[in-house]
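The values are calculated or read from the model by the stated rules, or taken from the named source; none is laboratory data. Just so it is clear, the model here is predicted, and its values are computed rather than measured. Neighbour counts are summed over all protein chains in view; Cβ atoms, including those assigned to glycine, are modelled from backbone coordinates with ideal geometry.
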Amino acid sequence: MLVHLIGPGGAGKTTVGALVAARLNWRFLDVDQYFLAAHGNIADFIRDRGYVEYAAHNVRLYEQLKRGTSVPTICVMSSGFMLYPAEVAPAYPALRRGIEEDGYTALLLPSFDLERCAKLIVGRQMSRPYLNANEDDEMRKIRDRFPAFMRLNCKRFASDGPPEQVAADIERFIVASMPSGGHGPYPVVVDHPTRPRGICGPRSEENDIQ
């Protein structure tokens, strides 16, 4: 079983995802960490080879990771994964559709209001010196992406609260969606991302967890 956490950078996916995995005793997988291990700094890769090439590599990496997943896993997706151009890779449209349509996928946003979401996302991104982020670029990015995220047919979680509370909300969502007893127990799997180990129901206001 593979549960995807999606959303923009700064939404709290990695922090919350690790907490959810620990609560469920599941494997935790962060696609960005595997990309870093395989290709180095993402910003440098995009600068040197372009965003489309980065996206194509990321799709292939996700395919490898997905094939290698044999235990229940919380998978944190790259921030733009659900928004790539359809032609970025032959398999991408089906992969994206599978993630979006899967009843366990969780979309994290710090707010469902554009202005508040943008302010919180940019603030979080600018507080991360390793990103070498530009405030205007980050604001433009989240403003461009926010409508697309809001159009996704996924269960949405407001991630501006304490990470432990957001993780508890997502855990309850996952467990409630599973057949009785289907959530474990399973052994915890601690991943060291060196090489890959070789998916949301109809949208409505009821899909929003605030």
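Residue check: is G40 in contact with a Lys or Arg (Cβ under 6 Å, 6 or more places away or on another chain) and modelled with pLDDT under 95? For G40, the condition - in contact with a Lys or Arg (Cβ under 6 Å, 6 or more places away or on another chain) and modelled with pLDDT under 95 - is not met.
I'd like to check something: does the stretch 134-147 contain any residue that is at positive phi, in a loop (DSSP other than H, G, I, E, B) and loosely packed, with under 14 Cβ neighbours inside 10 Å? No, the conditions are met nowhere in the stretch 134-147. I'd like the full set of residues that are surrounded by fewer than 18 Cβ atoms within 10 Å (Cβ to Cβ) and over 23 Å from V3 (Cβ atoms), limited to the stretch 77-123. Across the stretch 77-123, the qualifying residues are P85, A86, E87, P90, D113, L114, E115, R116, K119, G123. Among the residues of the stretch 86-95, not a single one is hydrophobic (A, V, I, L, M, F, W, C) and either within 24 Å of M126 (Cα to Cα) or in contact with a Cys (Cβ under 8 Å, 6 or more places away or on another chain) (or both).
Taking (1) small (G, A, S); (2) in contact with a Lys or Arg (Cβ under 9 Å, 6 or more places away or on another chain); (3) modelled with pLDDT under 95 in turn, S127 satisfies each apart from (2). What number of residues within the stretch 81-135 are basic (K, R) and in contact with a helix residue (DSSP H, G or I) (Cβ under 7 Å, 6 or more places away or on another chain)? Final tally of qualifying residues: 1.
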